[in-house]
Structure formats: C-alpha cells, structure tokens
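Engineer: I'd like to ask you about the structure that follows.
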Amino acid sequence: MTIRTEQPSICRMCHAACPITVEMEDGKPIKVTGNKASPTYHAFCCSRGQASVEHINHPDRLLSSMKRQADGSFAPIGIEQAMDEIADKIKALIDANGPRSLAAYFGTYSGPYPAAPPMLGSLVASLGSPMIFASATIDQPGKDIANAMLGQWKAGPQAFADADVWLMLGGNPLVSIAGGIPSQNPARRLTDKLKDGMKLIVIDPRRSETAARAHIHLRPTPGEDSSLLAAMLHVIINESLYDAAFVADNVAGFAALAAAVEVFSPAFAAARADVPEQQIIDAARLFATAKRGVATGLTGANMSGHSSLVEYLMLCMNTLCGRFVRAGEAVANPGVLLPRATPVAEAVAPAAYANLGEKLRVRGLAQSASGMPTAALADEILLEGEGQVKALIINGGNPVAAWPDQEKTVAAMKALELLVHVDIKMSATAKLADYIIAPKVSFEVPTMSLAVEQLENFSYHWGLCEPFGMYAPALVEPPAGSDLIEEWEFYYGLAQRLDIGLFAYSLESKTATAREGRDFVMFDMVNKPTTDEVFEILSNRSRIPLTEVKQHPNGALFPEAIIAQARSQDCDARLDIGNTDMMAELATVQHETTGLAGYPYKLVCRRMKNAYNSSLRDLPKLVKTKRPYNPAFMHPDDLDELGVGEGENIVITSIHGEIIGIANADKTLKRGILSMAHAFGDVEQDDRNGSLFSNGSSTSRLVSTNDSYDRFSGMPRMSALPIKICKH
Ligand SMILES: Nc1nc2c(c(=O)[nH]1)N[C@H]1C(S)=C(S)[C@@H](COP(=O)(O)OP(=O)(O)OC[C@H]3O[C@@H](n4cnc5c(=O)[nH]c(N)nc54)[C@H](O)[C@@H]3O)O[C@H]1N2
Ligand SMILES: Nc1nc2c(c(=O)[nH]1)N[C@H]1C(S)=C(S)[C@@H](COP(=O)(O)OP(=O)(O)OC[C@H]3O[C@@H](n4cnc5c(=O)[nH]c(N)nc54)[C@H](O)[C@@H]3O)O[C@H]1N2
Ligand code: SF4
Ligand SMILES: [Mo]
C-alpha cells in the first residue's frame, strides 16, 4: 500500500524561499505546490519551485564527489578521502605561497543554504586570507556603495505596503522575484497595490512584464539612466517638489546636487535617452508629489556602466522626498530570526565605501562597501607574483558561465593549482575543477527563513516585508547508495583537518532599519554541531527564538508594533546627497556617449522564466517543448532590416568578442536592442547546430572586464553593451 503525506517546507530554488507543500509518496517527494496554510506568500509557488522534484531527481545530479584524474577524466572519490586530500593541498599551498593564495567565491546557490556562507567565509578568513568574493559584485554592487555614500536612516525606508508611488528602474521583479517589489508573491502584491491606486513608474527599454503594468513607462536607450535620473532630480529641485523640511533637518549636500543636475534639463536627457521630454517631467512630478514610496532598481540599473551613480541618484530622489519611516510610525518588519529592530528617525553619517581592506593588484581595485571585486578575481589568478591566487573554493556558483570575459575566466580556472567546486552537477566550471564536492540538496537538509530575512542588508525592499518566520526540517534521505554532504559540513571538515576555528559572521544592517547586534560565536570544533545547532548560533539574539518559530510548521507571522523614536538631541548626522565622487562622475556623464561607432545595437540583460542563471534550463518540466537555449530577442523590424528570420543564427560582435545567437522576434523591445539571458553556453563556444540549440551561447564572451568598470566594485559594463549584428 502506498502511503501519501503532505509536508510543509521551504523552496530552495531561489532566494525568495517560498513556503511550499511537498506531496510525498512512500517517503519520496512527488509534487510541490504553494503552501496554502502559510501567511505572507499567499500560496505562491512559481514554475521553478514546482520543478523542485525534477531538480533533486535529475539524472545528471552528482551522487558522489568527483576527482580529476591524471588523464583529465573524473572518477568518484569518498567524501572523507576528498576532505583529507583537499586539506593537505590547501596547507601545502598556504605554506609555500601565503594565505592570500587561497580564495573563496560564493555564487547564487549559496542563498538557500544559510549555514554554508558563514562556514566557508570563516574558513578562508581564519586561514588568514582576505580573498573572499561573491556574485554580489557582478550583480548590483552599486547598492551597498551608494548606501554607504548616503548614510543610513535608522528607521529604514518606507514600505511597499503603504506606498502610493513606486519607481522601478532596470528590473523585472514579476519574473525575477528578486526584490524591489517584495518577493513574497510580487505579482499579487503589485496587483493589490495598483487596485488601491498606487502609481507605478518603470524605466526599462523593454516592455517587460513589470513595465506592462506601469502608469508611466519610460523606454530609454540603454545606459542613459544617470542622465534620466539627473533630469528627474532637476525637475524635482527646480519645481520645489521635494520635502524641504526633511531636507533642512536631515540632509547635507543639497547645493552640490542642485548644481550638478542643473545641466540635465528634461530636454537634454530626452534627446540623449530617446524618450519624450514631457514623460520625464511627468514621471518626476508623479514621484515627488506622491506621499510615500521609493525609487529602486535591479540589474539593469547596475550593469549599464554607472552602477554606483545610478543607485546613488535613486537614493537622492528618495532622500529629497523624505521617503523614510518617520518618528511615531511602525517598522514593517520588527525582526523575526533577525534581532529586534531599534528604529530611530535619524541619520547615521556616511560610511567609508572605497579602499576598505585588501588591495587587488589590477586596475587599482580594492575591497569596497560591496565586498571584494569579483570581476578582478580571474586577473588575480592569472597575474604571477607575490599574492597570486592559486587555490579557489566555489560554493554554489559557476564562474565559467557567469563572470565577465568568459575566455579569461576559463584560462584562470585552468591556471589554478587547486580548484574545489561544490556543485550538484558537472557544470561548466566543474569540468575544469580538481574536485567537485557533491552536496545534499533541497528537502534533504533543513532550512530557515533567516536567509531571506537578512537580504534586507542588500537593499531596499529585499528581505521579508512582513514579520514572517519559518523553519523547515529535512524531509527525505539522500538517494540510496549516494555519498553526499551538507555544504557547511564540508567546510567544517576542512577546518577540523586544518586545525582552525570557525565562527558565525555577524551581519549588521546597512540599508534597512537599525537592529540590535548579534553575538560573535565560535563553533565547537571538537563536538560537531548538528545543522539545527548551527542555525541556533546563526540566529542568535533573534527577536523570536528559533525554537518558537519551529512550533509553527507552516511558518507564522510574529507581529509587534515597534515604533520609530524621534531623533535624539545629540544627533547631528546628515544623509549626504552631494557625495563628491558621485558629483564628479555625473559631470562626466554630460559629455559621455554610451554608443560606439560601428556598433549600432546594444545588448541588454534579461532573466527568463525557465532558467535561473546557468541552472534549471535542463529541467524538462520547465523547458518542455520550449527553447532550452537563450534566444537573441530583437524587435521584428530590426530582424527584417537585417534580413534575418525567426530561429535563424546571427553573429553578435562586441569590441571584445563574438558569439552566435539564435534570433527570436520580440515586440516588447525598443528598436536597436538585443535582449539575451546570460550564463548559457558551455566552456567552449560551440556553434555546431545541436549544441547551440541545447546550450545557447555565453554573453559574457562579449563582456570585457576593462570596459567602463566601476572604480569601486570593479564591475564592468554587462548591459547596454554596444554590439553589431549580422546574419550568420
Ligand atoms: N553578461 C552577464 N553576466 C552576468 C549577469 C548578467 O546579467 N549578464 N548576471 C550576473 C548575476 S546577477 C549573477 S548573480 C551572477 C551569477 O553567478 P553565479 O552564481 O556564479 O552563477 P550561477 O549560474 O547562478 O551558478 C549557480 C551554480 O550553483 C549550482 N547549484 C545548483 N543547486 C545547487 C545546490 O543546491 N548546492 C550547490 N552547492 N550548488 C548548486 C548550479 O549547478 C550552478 O553551477 O552572474 C552574473 N553575470
Ligand atoms: N527566472 C529567473 N529569475 C531570476 C534569475 C534568473 O536567471 N531567472 N536570476 C536571479 C538573479 S541572480 C538576479 S540578480 C535577479 C535579477 O533580477 P532583474 O534585474 O529583475 O532581472 P532582469 O530580467 O535581467 O531585469 C533587468 C531589466 O533591466 C532592463 N535593462 C537592461 N539594461 C538597462 C538599462 O541600461 N537601463 C534600464 N533602465 N533598464 C535596463 C532589462 O530590459 C530588464 O527588463 O533575478 C533573479 N531571478
Ligand atoms: S520564487 Fe523562488 S522560492 Fe519561490 S517558488 Fe519560485 S523558485 Fe521557489
Ligand atoms: Mo544576481
């Protein structure tokens, strides 16, 4: 007799961490749906979450770790043996070359497994290496940098829930479910708010799923966001639409900003960005005359050449209009597995944002407020000399697919003396690794909502928009006969062998409401903790104890009215909207051309529903009869002009590289644009028919790490990239 049960859990397919219901048959998951008994997410579960079962049972999943053999092939290796060998190699490399020769990289799949990043980070840090990198610096690094430049508002930004205007620049949260619009069922939240009368402004060259809902949709030439935002600021200042009282009490740098945006008249920006002048004026007025709501953006805002500046100008708009929680108002999330909020309606002075720690040996880069510049890690591996990186441990990332300049990345991965890659499959990067460590995934391990809650550190309207907390226990055993390990246990095992201690990182909130601190705790390195004990330590000083959250198997809301206090008498800190680096960069924008002679089109970034960066595009449930590749989307009139038919191959050339794409018509695009998802393709560019169709092509071969890179984060231009296109 088959036994069927339904178990609550948390989806691990992306950072949104939706509560789900897992249908089990004889102890095996067979179907995943949204959890109707759970608050906050309203039973939302996207197609990727529904494909969780296929993800876990995928035939390509590694069921044991692999080691590269002398002839280049791979053979299974027991996990204990792998840890012994890797620890020995790390020790030998550090003894010979110093700690800086070891680096770590966290990719996107670090998110759903909250114990892994602190363990790997503290492993490398405890060994004395500062070389800890993450995908965040090739994603939206402008956020952390701009927030440090502005300063923090200790009561946090205004919430989506009570906004009457919202501005989304270069993001499509209805598909990406990444933030900007709270990622707890963003489509429903947006629909409800629009019904309530909230006005939506979207700035995107594509009529994306989000832009299609906007009251005002500005469709600029890609890469012109700083001039557009400067023009909106120009209108807000010249028409005195800002919150003068808030500015007088809490803001510095007004005169510098007003002077810097003076030349950016709506007419000037309209001509540059190819949008109607009146639309810029209307958008500025709509934003500034509303009462509550913020300007925010995602990858399109960051990847188009001025990440820090674009993020900073959006913060300037929010600050001029006083879009913060004020004294007497309650904060949206008082903290659940995070410590208690301590909101005060006052500013914290700007923080240092550049040259914060370790200096890199290339392009004058150093650690910034956004972390270590990942775009320069391949250089640090390839550049010989003192400090050269010779060993790399990767957690849930795929550099070959995702880092800018794929050829350089491939060369760097090949040059490493030790590449340890923790991945569920033989990904493009795994193919170049010395060891591939096979982890337990998804329902095989417990998780908790702390990971999504602390995304509030990343930006406005990331994290949890309500005081929701949930813990999900492991539901299933790993496949019979497998030899798998939880990611954190692997790092713990290495640390034990290297005889060093590990500690829990304490992340302080930089962009959101101020909170009480967490305790610094060393892990017990003799008696190995359980995952739950690790979670206890990571959520130490939480407002709601993890044990209490565990009492609610479907998750629960833990409301408490925590009210922002008035500014203290002795606070003289100000939010700075006149940062000199940003004002200087804005002055250069005035004379800059974002186009390039001979390269009449621009490539822009795009997320697709059936893929998650380099992952998930191999799941039949998601791909079905659809395209497993990344189409090169263009306006049909552009295709006609090039004489290219739907499904035909095109050659896409940037100043840096060349790839083949498969043309697809897309009427939602502004003309002159090629919109294409990243992280497709494989180690080599392979345009033989079958391969191009099944794998797609890597847009990062078109990206140069030297092109318009941000001088703080090192992130080069990865969207708004000038290209030329011809028929194959
Ligand atoms: N040109 C261009 N480049 C870009 C971007 C762009 O828009 N354009 N976007 C950038 C952005 S925003 C990002 S975040 C980066 C992404 O950069 P990365 O995070 O480096 O790339 P991913 O493809 O997300 O890598 C995820 C890896 O995790 C593995 N994985 C899946 N499940 C698990 C698991 O349960 N455990 C473990 N350990 N591994 C797992 C997958 O197989 C895959 O190899 O790419 C950046 N690069
Ligand atoms: N289904 C799915 N979801 C994902 C991912 C995925 O691969 N698939 N990836 C995840 C990751 S790692 C991240 S970081 C998030 C990213 O989340 P988003 O940033 O929302 O993802 P995109 O769809 O790339 O949206 C970027 C938008 O910016 C626009 N854009 C490009 N260039 C410019 C420009 O110069 N100016 C302006 N104004 N707009 C521009 C593009 O047309 C596009 O609509 O999504 C996450 N969610
Ligand atoms: S949005 Fe993310 S967490 Fe939610 S169901 Fe989809 S993949 Fe899972
Ligand atoms: Mo990302």
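The values are calculated or read from the model by the stated rules, or taken from the named source; none is laboratory data. The model shown is predicted, which means the values in this text are computed figures rather than measured ones. Backbone-built Cβ (ideal geometry, glycine too); neighbour counts: all protein chains shown. Quick note on the areas: whole protein, heavy atoms, side chains included, nothing else; ligands and nucleic acids left out. Shrake-Rupley method; radii C 1.70, N 1.55, O 1.52, S 1.80 Å.
Engineer: Ile485's amide H: which non-local residues (gap 5+, or another chain) put their own amide H closer than 5 Å, with H modeled 1.01 Å from N in plane and none for Pro or chain starts?
Structural biologist: For Ile485, whose amide H was placed from the backbone, the distant partners under 5 Å are Lys440.
Engineer: Among Ile3, Thr33, Cys45, which residue has its Cα positioned farthest towards the positive end of the charge dipole of segment 1-57, with +1 placed on the Cβ of Lys and Arg, -1 on the Cβ of Asp and Glu, and the dipole taken about the Cα centre?
Structural biologist: My answer, from the dipole projection, is Cys45.
Engineer: Here's a follow-up. Using +1 at the C-beta of Lys and Arg and -1 at the C-beta of Asp and Glu, which of Pro266, Leu200, Thr289 has the Cα lying farthest in the positive direction of the dipole of segment 142-327?
Structural biologist: Result: Leu200, furthest along the dipole toward the positive end.
Engineer: Heavy-atom accessible area per residue, segment 557-662, 1.4 Å probe: how many Å²?
Structural biologist: Here the per-residue accessible area is 48 Å².
Engineer: Need one number: nm distance between label points at Ile563 and Thr2, each 7 Å from Cα along Cα→Cβ, rounded to one decimal.
Structural biologist: It is 5.7 nm.
Engineer: Quick check: at a probe of 1.4 Å, how many percent of the accessible area of segment 357-493 sits on carbon and sulfur atoms?
Structural biologist: 49 percent
Engineer: Write down Rg/Rh for segment 1-72, rounded to two decimals, with Rg from the C-alpha atoms and Rh from the Kirkwood relation over Cα pairs.
Structural biologist: Rg/Rh: 1.14.
Engineer: Looking only at Cα atoms, what is the convex hull volume of the chain per residue, in Å³?
Structural biologist: Normalising the Cα hull of the chain by residue number yields 154 Å³.
Engineer: May I ask for the percentage of alpha-carbon pairs in segment 130-211 that lie more than 18 Å from each other?
Structural biologist: Taking all Cα-Cα pairs of segment 130-211, the fraction more than 18 Å apart is 53 percent.
Engineer: Consider all pairwise Cα distances in segment 72-210 and report the whole-number % of them above 23 Å.
Structural biologist: 58 percent
Engineer: Place the peptides 477-484, 144-151, 690-697, 556-563 in order of packing, highest mean first, counting for every residue the other Cβ atoms within 10 Å and averaging per peptide.
Structural biologist: 144-151, 690-697, 556-563, 477-484
Engineer: Shape call for segment 595-727 from the C-alpha gyration tensor, a ≥ b ≥ c root eigenvalues: rounded (a/c under 1.5), prolate (a/b greater than b/c) or oblate?
Structural biologist: Cα axes put segment 595-727 in the oblate bin.
Engineer: Rounded to the nearest Å, what's the spacing between the alpha carbon centres of segment 231-266 and segment 59-78? Just the number, please.
Structural biologist: First find each Cα centre; the distance between them is then 59 Å.
Engineer: Over 25 Å between Cα atoms, which of Lys359/Lys528; Lys143/Lys425; Lys91/Lys425; Lys36/Lys193; Lys431/Lys602 qualify?
Structural biologist: Checking Cα-Cα distances, Lys359/Lys528; Lys143/Lys425; Lys91/Lys425; Lys431/Lys602 exceed 25 Å.
Engineer: Looking at the square roots a ≥ b ≥ c of the eigenvalues of the Cα gyration tensor of segment 142-327, which shape do they give, rounded for a/c under 1.5, prolate if a/b is larger than b/c, or oblate?
Structural biologist: rounded
Engineer: Moving to a separate point now. Which three extents, in whole angstrom, do the alpha-carbon atoms of segment 381-532 cover along their principal axes, largest first?
Structural biologist: Extents along the principal axes: 47, 42, 30 Å.
Engineer: Along the Cα→Cβ direction, 7 angstrom out, place labels at Ala37 and Leu383. What is the inter-label distance in nm?
Structural biologist: That separation, rounded to one decimal, is 5.6 nm.
Engineer: With +1 on the Cβ of every Lys and Arg and -1 on the Cβ of every Asp and Glu, and nothing else charged, how large is the dipole of segment 15-164 about its Cα centre, in debye rounded to the nearest 20?
Structural biologist: 200 debye
Engineer: Under the Karplus relation 6.51 cos²θ - 1.76 cosθ + 1.60, θ = phi - 60°, what is the ordered set of whole-Hz ³J(HN,Hα) values for segment 424-439, x standing for Gly and Pro?
Structural biologist: Taking θ as phi minus 60°, the curve returns 7, 9, 7, 5, 3, 6, 4, 4, 9, 8, 8, 10, 10, 8, 8, x Hz for segment 424-439.
Engineer: When all C-alpha to C-alpha distances in segment 155-195 are sorted into bins of 5 Å, what percent of pairs does each bin hold, rounded to whole numbers?
Structural biologist: Computed distribution, short to long bins: 5, 23, 34, 27, 9, 2.
Engineer: Also: Ala248 label point, 7 Å along Cα→Cβ, cut-off 18 Å on backbone N: hits in segment 552-584?
Structural biologist: 567, 572-575
Engineer: If you don't mind, another one. Sequence gap at least 6, Cα distance under 8 Å: using those rules, report the relative contact order of the chain to the nearest whole percent.
Structural biologist: Here the relative contact order equals 20 percent.
Engineer: Related question: List every residue whose amide H lies under 5 Å from the amide H of Ala252, counting only residues 5 or more places away in sequence or on a different chain, with H placed 1.01 Å from N in the peptide plane.
Structural biologist: When sequence neighbours closer than 5 places are left aside, the close amide H contacts are Leu575, Asp576, Ile577.
Engineer: Here is a follow-up. With +1 on the Cβ of every Lys and Arg and -1 on the Cβ of every Asp and Glu, and nothing else charged, how large is the dipole of the chain about its Cα centre, in debye rounded to the nearest 20?
Structural biologist: 1340 debye
Engineer: Per residue of segment 541-558, what does 6.51 cos²θ - 1.76 cosθ + 1.60 with θ = phi - 60° give for ³J(HN,Hα)? Whole Hz please, x for Gly and Pro, Karplus curve as stated.
Structural biologist: 6, 5, 5, 10, x, 4, 4, 6, 4, 5, 5, 10, x, 9, x, 7, 8, 10
Engineer: Determine the distance separating the Cα centre of segment 629-706 from the Cα centre of segment 418-478; give it in Å without decimals.
Structural biologist: 30 Å
Engineer: Taking the alpha-carbon centroid of each part, what is the distance from segment 516-556 to segment 120-140 in angstrom?
Structural biologist: The two parts, judged by their Cα centres, are 23 Å apart.
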